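To start, the structure itself, in structure tokens.
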Amino acid sequence: MTKKQSGAVSLFVVLFATLLITVITISFARLMTSDQQQATTADLSQSAYDSAQAGVEDAKRALLNYESVCATGGPACDTARSNIDSPVCNVSLTGIVTPQNGEVMIQQTAGDKALDQAYTCVTITRNTDDYQGVLQADTSRLVPLTGTGAFDSVLIEWYSAGDTQDPRNVDLTATTTPLLAQSSWSINKPSVMRAQIMQVGSTFTLSSFDDTTNGQSNANTLFLYPVGIKNTVNNTVDTETVLIRDIRKTPTGSPLPITCSGDVSGGGYACRARLILPTPIGGGNRTAFLRLTALYNKTNFRVSLLNGNSTVQFNGVQPEIDSTGRANDLFRRVQSRVEFSDPNFPYPAAAVQTTGNVCKNFLITNNPTDYVNKCNP
């Protein structure tokens, strides 16, 4: 009887151990399968994203071709514009690629053919409601103010959730506008934005950029300083007439205080300022540029054109490309903003640029022999 009981216990131990080992083996197998599936999905996701980016690059080629064709106008330009503006997938790429079965296959090496990469739909929107960008601290961006219609003001918005470590507690403690040392400026405080307007009418002279005639102006500069918190109910926009606040003409004035939102966790921008533009000297059609410089901190920004309370679209300044890529049965969609760069008219970032040293001598004299080179950088 004792031997029989001992055998039953041994059998029970063996069965329990076998069951335990089976469960552990199956669990490991499931973990391995899950990891393999995740790795495969990650590879396909990245491949689909790469396919979408290939569509973006082909769209850039289409835009460059459109600019080239339309340099002289004519029927070919009308056709190119119609293709670019088409909302139908891939029509904007006419003449650049040849879709097959509604998609454009991506050339791959032999080892990657199993990914079956392609982009399925690319569309281009030439005219956009706004201009978006990112400014690193102490860097500038020149924005062409070219609209599809007339505009009288510019709305500047800056500092979003991605720029701060605490989107729910944007630092707006200052009640004045002191220009602090860089080390004293909080990482959670919006940048001071320098906004420079440069514009001309139908005719102009270089001297007009330093002139104000009958309430008209061709060059103006403002420093937009974040201070105070907006009324969260009204969320009003600070509106200023650029001509009156031009810091170049009133250098003893303080920066323009802008009330901002203390919470950007829900999206949007903390600071918003609407600048009413002066009429260009000489009048006529406006050709204008906005130069933005972020001081102290990095910032995301958005610029909109307004005519009264109506939004005016930018005319081909920053086209938006919408591209959907595929890898096997997994799809990724990307939206990109692109800008044209005219090599014959590069936008300057500074008046003087050098890779070496700069030496400047200032000398006032009525003796020509005093004008000698004394620089020794």
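The values are calculated or read from the model by the stated rules, or taken from the named source; none is laboratory data. On a predicted model such as this, the values are computed, not experimentally measured, just so you know. Virtual Cβ from ideal backbone geometry, glycine too; neighbours counted across all protein chains shown.
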*In the range 36-79, which residue that is in contact with a helix residue (DSSP H, G or I) (Cβ under 8 Å, 6 or more places away or on another chain) and either among the aliphatic types (A, V, I, L, M) or not in a helix (DSSP H, G or I) (or both) is surrounded by the most Cβ atoms within 10 Å (Cβ to Cβ)?*
A59
_Being assigned by TED's automatic domain parsing to the domain that holds V264, more than 30 Å from Y225 (Cβ to Cβ), surrounded by fewer than 15 Cβ atoms within 10 Å (Cβ to Cβ) and hydroxyl-bearing (S, T, Y) is the requirement here; does T98 meet it?_
no
*asked:* Here is a list: T173, T177. Which entry is touching a strand residue (DSSP E or B) at 6+ places or on another chain (Cβ under 8 Å), of a type in the set (S, T, N, Q) and either part of a loop (DSSP other than H, G, I, E, B) or not assigned by TED's automatic domain parsing to the domain that holds V242 (or both)?
replied: T177
_Residue within the range 103-123 that is of a type in the set (A, V, I, L, M, F, W, C), crowded, with 19+ Cβ neighbours inside 10 Å and closer than 30 Å to T299 by Cβ present_ = no
_Can you go through S254, S261, S265, S304 and tell me which one is farther than 25 Å from A150 by Cβ, surrounded by 18 or more Cβ atoms within 10 Å (Cβ to Cβ) and in contact (Cβ under 8 Å) with a residue 60 or more places away in the chain?_
S261
*Would you call R141 basic (K, R) and outside the structural domain of Q46 (by TED's automatic domain parsing)?*
yes
*Top-ranked residue of the range 321-340 - restricted to ones that are surrounded by 18 or more Cβ atoms within 10 Å (Cβ to Cβ) and closer than 12 Å to K60 by Cβ, ranked as nearest to the chain's Cα centre (by Cα)*: I321
*Restricting attention to the range 210-230, does a residue exist that is in the same structural domain as N300 (by TED's automatic domain parsing), outside any loop (DSSP other than H, G, I, E, B), without any contact (Cβ under 8 Å) to a residue 12 or more places away in the chain and of a type in the set (S, T, N, Q)?*
no
